[in-house]
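Read the structure below first, then the notes.
The values are calculated or read from the model by the stated rules, or taken from the named source; none is laboratory data. These figures come from a predicted structure and were not determined experimentally. No Cβ is skipped: glycine too gets one built from the backbone with ideal geometry, and neighbour counts run over all protein chains shown. Note: areas computed on protein heavy atoms with side chains; ligands, DNA, RNA excluded. Shrake-Rupley method; radii C 1.70, N 1.55, O 1.52, S 1.80 Å.
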Amino acid sequence: MRRVNGLANVGRALTCGGAVEKRLAQAALMSTCSSSSSISHIFSEKLADRLGLSRPSLVRRVAGTMLFSVAASSMAQDALAKEKPRSEKFLPKEVVLYQYEACPFCNKVKAFLDYYSIPYKIVEVNPISKKEIKWSDYKKVPILTVDGEQMVDSSDIIDKLFHRINPDSSIPDGEEKKWREWVDNHLVHVLSPNIYRSTSEALEAFDYITTHGNFSFTERLVAKYAGAAAMYFVSKKLKKKHNITDERAALYEAAETWVDALNGRHYLGGSKPNLADLAVFGVLRPIRYLTSGKDMVEHTRIGEWYGRMENAVGESARIKE
């Protein structure tokens, strides 16, 4: 019974709370620079013809200025997002996150820590024995300790950290709160039926879980195959529980719903990510490079926002031991 429960914990690692490809900004910039003159030339010729002008060279200068202005505006937005907030009032000596590597809720906390450049250590919890958190009365992850103080529940952890970073500000309400609750109450429930949709996808997910998790060699083998089989059937029950008919359609709909909420903005927070942006990004990060995540980016409009978030959150603040 203990092993069955443990495998269930393993399976939920991707839904109860990856390698990030580097942005190709420099290459894109070089491409823009090398092709800008030809684009400007074509654009100006067409514009001159449309306006009935005989001096496309004059229009070309105007067109070039317009194109440069658009590019500069986009670069300015990216640069602004890169200026990650730092706190001079919250400087903890030791922050430790007890987690499952693939847990969306744990990744939500990590996205916050990374974005605010708060150095933290990781303790990977064995989902079968949970020996790493035997000291705590709370038996779920994430658990965060800040200079010895225990914090639990991802949203509560983030609220407390936000208040310490911004002691004179209240926890954001309204639109930001609405979408943070949407993440916890809807988005995370769509993930499991997608991650374990087929036997091959279940094995793919458990290969990721067991590779990044805290397992012995024997536990890794058992968890990968027995866990994948178990969660394949569990996902069908979850699909029914949450009234999901087509799991991929539900995932795509959730992604499109989020993009619609952006309403043309770079982030829900406007020029910079807010707590809702970080929450959505955090829970999606473990699946981004699984089949389900790749399908999501390919078939919805969420890819551009996700790429901006990768760039804004930046490198991990994790202290590697």
Residues located in the range 231-260, provided they are under 14 Å from W305 (Cα atoms) and either of a type in the set (F, W, Y) or in contact with a Phe, Trp or Tyr (Cβ under 6 Å, 6 or more places away or on another chain) (or both): W258
Condition check: in contact with a Lys or Arg (Cβ under 7 Å, 6 or more places away or on another chain) and either closer than 23 Å to E132 by Cα or of a type outside the set (S, T, Y) (or both). Does P167 satisfy that? yes
Failed condition for R248, given (1) part of a helix (DSSP H, G or I); (2) over 20 Å from I287 (Cβ atoms); (3) among the basic types (K, R): (2)
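Need a quick list: strands (runs of 3 or more DSSP E) entirely within the range 87-153 having at least 1 residues that are aromatic (F, W, Y). Give the steps one after another, and end with the answer.
Numbers: elements: 95-99, 121-124, 143-146, 149-152.
Of the strands (runs of 3 or more DSSP E) lying wholly inside the range 87-153, those with at least 1 residues that are aromatic (F, W, Y) span 95-99.
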All but one of (1) surrounded by fewer than 18 Cβ atoms within 10 Å (Cβ to Cβ); (2) touching a Leu at 6+ places or on another chain (Cβ under 7 Å) hold for G148; which doesn't? (2)
Segments classed as helices (runs of 4 or more DSSP H), wholly inside the range 164-218, with at least 3 members that are open to solvent by 40 Å² or more (accessible area, probe 1.4 Å) and on the phi < 0 side of the Ramachandran plot: 175-182, 199-212
Boolean, D173 is of a type outside the set (G, A, S) and modelled with pLDDT of 95 or more: no
Only one of (1) open to solvent by 20 Å² or more (accessible area, probe 1.4 Å); (2) modelled with pLDDT under 95; (3) under 14 Å from H189 (Cα atoms) is not met by D246, so which one is it? (2)
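Could you tell me which residue of the range 116-145 is nearest to A223 (Cα to Cα), considering only residues that are out of contact with any strand residue (DSSP E or B) (no Cβ under 8 Å at 6 or more places or on another chain) and either among the aliphatic types (A, V, I, L, M) or open to solvent by 40 Å² or more (accessible area, probe 1.4 Å) (or both)?
I128
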